[in-house]
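Chemist: This is the structure, below, for whatever I ask next.
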Amino acid sequence: MANINLTTTEKTEVSETAISGGIVLAVILIVLILIVYGTLYFWKKDLTDKTKAMQTQYNTDLESFKKGDSKIVLDFRNRLDIAKSLIVERNIPVLTFSELENRIIAGVSINSYSYDSTKNQIVVTCVADSFKIVAEQIANFKKDSVYFGGITTGETKYNQNKKIEIPIGVEIK
Amino acid sequence: MLKVKILIFPLSIVFAIWLLIWSIVPDWNEIQAKKTQKADLEKKLSTLNSKNTKVSQLLNEINSNEQDRDLVYTFIPNGVKEEEIIDTLNFLASNESNLFVYNLSVPLLNKYSNPSLLKNNLSTTVEVNFGIVGSYENIKLFLGKVATLKRYNNVNSLKIEKEKNIQIGTEKSDSLNASGVLSFNYFIDDGSTFNYEDPLFSEKGMLGMGTISDIRQKTSTEIMNLQIGAGGKSNPFAL
């Protein structure tokens with residue numbers, strides 16, 4: 001009959017050592033994890049506080065930027081931008097006066113002058129003694145000019161002084 | 001007792017995994033997000049500081065020449081300034097051009113409420129009706145002065161005809177009656193147009209000061225500085 005060894009003393013000692021080692025490892029693991037957790041907690045808290053402070057500072061600085069000198073500077077630049085476009089598109093009908101003086105021929109006078117910026121045109125009602133002079137006047141307006149463009153004429157009529165009146169439309173270049 | 005001891009290690013592993021999954025990983029992710037947010041804020045603050053520096057530089061440029069600065073504010077002023085328009089036009093017509101002024105009216109209607117009159121979002125115009133009587137030379141002189149006025153204006157319409165009905169003491173046979181509409185520009189400052197991202201605040205932002213020399217070249221007639229007389233009367237109806 002074969003001998004069977006039922007002694008367990010040695011094996012139990014080994015198992016207890018392993019268990020003790022396991023507990024130590026477990027404790028180390030838990031401590032490590034808790035250290036990591038704690039570090040992360042305080043890091044996050046620190047970051048949150050710093051971010052919040054920076055956000056507050058940014059909001060304050062941005063508000064004072066918007067209400068401060070930047071507004072003056074932007075306002076000034078905007079005025080310059082507006083002025084730049086306005087100064088180009090300015091209508092100065094008085095500039096056409098000297099041209100008009102040069103174009104009116106002897107025997108003709110202007111009864112009325114009207115300027116309309118929307119049409120960019122002046123209409124002068126000329127008065128003359130004869131249709132020949134009227135024709136000469138129209139021809140003189142048609143000569144090349146720096147200021148004057150297309151010419152249109154209206155209906156002629158005799159006024160109360162028995163003179164011929166004719167409206168002449170002159171486009172301003 | 002032995003069983004408990006045996007369970008400690010796997011339980012601690014389970015606890016560690018639980019802590020890792022439920023707390024450490026989210027915390028880590030949150031920290032990364034906070035770090036990104038902080039970096040963004042640092043960048044924003046740095047940009048804001050750069051913009052502040054740029055603004056200081058531009059402000060120095062504006063204030064370096066007070067005459068130029070004032071010229072721009074005169075050319076496009078804040079508000080209609082009706083009194084300035086009436087006083088200046090009256091002075092130019094009566095005193096400078098020897099004309100009889102029978103009409104100078106700035107409408108009380110708020111042009112700001114009429115979008116059709118808006119030149120752009122920042123400025124608008126007010127239309128001023130005028131009526132004057134005098135010689136051709138004087139009318140021409142007046143219009144020439146208005147055309148070079150240091151405040152922006154534009155002739156919308158102009159009508160000149162031989163004088164008929166207006167009775168004035170010094171009326172001459174060659175008197176002409178001129179009437180028309182001038183539009184004066186003014187700046188709208190409602191604070192709604194501020195743009196933080198405007199290129200002006202960038203490193204290469206420019207004011208465009210060259211326009212000032214254009215204004216100076218094309219304007220020469222001063223705006224009147226209105227002096228107000230003494231106020232206060234016991235009977236406001238008495239002259």
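Chemist: Confirm whether residue B:12 is more than 10 Å from chain A (Cβ to nearest Cβ) and in contact with a helix residue (DSSP H, G or I) (Cβ under 9 Å, 6 or more places away or on another chain).
Modeler: no
Chemist: Criterion first (at the interface with chain A (Cβ under 8 Å from one of its Cβ atoms), at negative phi and open to solvent by 60 Å² or more (accessible area, probe 1.4 Å)) does residue B:43 satisfy it?
Modeler: no
Chemist: If I ask for residues that are touching a Leu at 6+ places or on another chain (Cβ under 8 Å) and aliphatic (A, V, I, L, M), which ones from segment B:55-75 would you list?
Modeler: B:58, B:62, B:72
Chemist: Also: Do we find a residue being surrounded by fewer than 18 Cβ atoms within 10 Å (Cβ to Cβ) and acidic (Asp, Glu) anywhere in segment A:156-168?
Modeler: no
Chemist: If I filter segment A:84-93 for residues that are open to solvent by 20 Å² or more (accessible area, probe 1.4 Å) and over 40 Å from the mean Cα position of the chain (by Cα), do I get at least one hit?
Modeler: No - not one qualifying residue is present in segment A:84-93.
Chemist: Considering each residue of segment B:67-89, count those that are surrounded by 16 or more Cβ atoms within 10 Å (Cβ to Cβ), away from every other protein chain (no Cβ under 14 Å) and assigned to a helix (DSSP H, G or I), and give that number.
Modeler: The qualifying residues number 7.
Chemist: Which condition number does residue A:113 fail, the rest of (1) assigned to a loop (DSSP other than H, G, I, E, B); (2) surrounded by 21 or more Cβ atoms within 10 Å (Cβ to Cβ) being met?
Modeler: (1)
Chemist: State the number of residues belonging to segment A:116-137 that are outside any loop (DSSP other than H, G, I, E, B) and within 20 Å of residue B:161 (Cα to Cα).
Modeler: 11
Chemist: Condition check: without any contact (Cβ under 8 Å) to a residue 12 or more places away in the chain, among the hydroxyl-bearing types (Ser, Thr, Tyr) and open to solvent by 70 Å² or more (accessible area, probe 1.4 Å). Does residue B:12 satisfy that?
Modeler: Here the answer is no, as residue B:12 does not meet what is asked.
Chemist: Count, please, the residues in segment A:42-59 that happen to be of a type in the set (S, T, N, Q) and surrounded by fewer than 15 Cβ atoms within 10 Å (Cβ to Cβ).
Modeler: Result for segment A:42-59: 3.
Matching residues to (1) open to solvent by less than 30 Å² (accessible area, probe 1.4 Å); (2) touching a Gly at 6+ places or on another chain (Cβ under 6 Å); (3) at pLDDT below 90; (4) assigned to a strand (DSSP E or B):
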{"site": "B:133", "(1), (2), (3), (4)": "yes, no, no, yes"}
{"site": "B:140", "(1), (2), (3), (4)": "no, no, no, no"}
{"site": "B:165", "(1), (2), (3), (4)": "no, no, yes, no"}
{"site": "B:179", "(1), (2), (3), (4)": "no, yes, no, yes"}
{"site": "B:184", "(1), (2), (3), (4)": "yes, no, no, yes"}
{"site": "B:193", "(1), (2), (3), (4)": "no, no, yes, no"}
{"site": "B:216", "(1), (2), (3), (4)": "no, no, no, no"}
{"site": "B:228", "(1), (2), (3), (4)": "no, no, yes, no"}
{"site": "B:235", "(1), (2), (3), (4)": "no, no, yes, no"}
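Chemist: Sticking with this one: Looking at A:62, A:74, A:25, can you tell me which residue is part of a helix (DSSP H, G or I) and farther than 30 Å from residue B:76 by Cβ?
Modeler: Criteria check complete, one pass: A:25.
Chemist: Kindly provide the set of residues from segment B:21-30 that are open to solvent by 80 Å² or more (accessible area, probe 1.4 Å) and at the interface with chain A (Cβ under 8 Å from one of its Cβ atoms), ordered by number.
Modeler: Result: B:28, single match.
Chemist: Still on this structure, please answer the following. Look at segment A:100-115 and say how many of its residues are touching a strand residue (DSSP E or B) at 6+ places or on another chain (Cβ under 6 Å), more than 7 Å from chain B (Cβ to nearest Cβ) and of a type outside the set (Gly, Ala, Ser).
Modeler: Residues in segment A:100-115 being touching a strand residue (DSSP E or B) at 6+ places or on another chain (Cβ under 6 Å), more than 7 Å from chain B (Cβ to nearest Cβ) and of a type outside the set (Gly, Ala, Ser): 2 in total.
The values are calculated or read from the model by the stated rules, or taken from the named source; none is laboratory data. The structure displayed is predicted, hence computed values, not measured ones. Every residue, glycine as well, gets a Cβ built from its backbone with ideal geometry; the counts of neighbours run over all protein chains shown. Areas reflect the complete protein model, heavy atoms only, side chains present, ligands, DNA and RNA absent. Shrake-Rupley method; radii C 1.70, N 1.55, O 1.52, S 1.80 Å.
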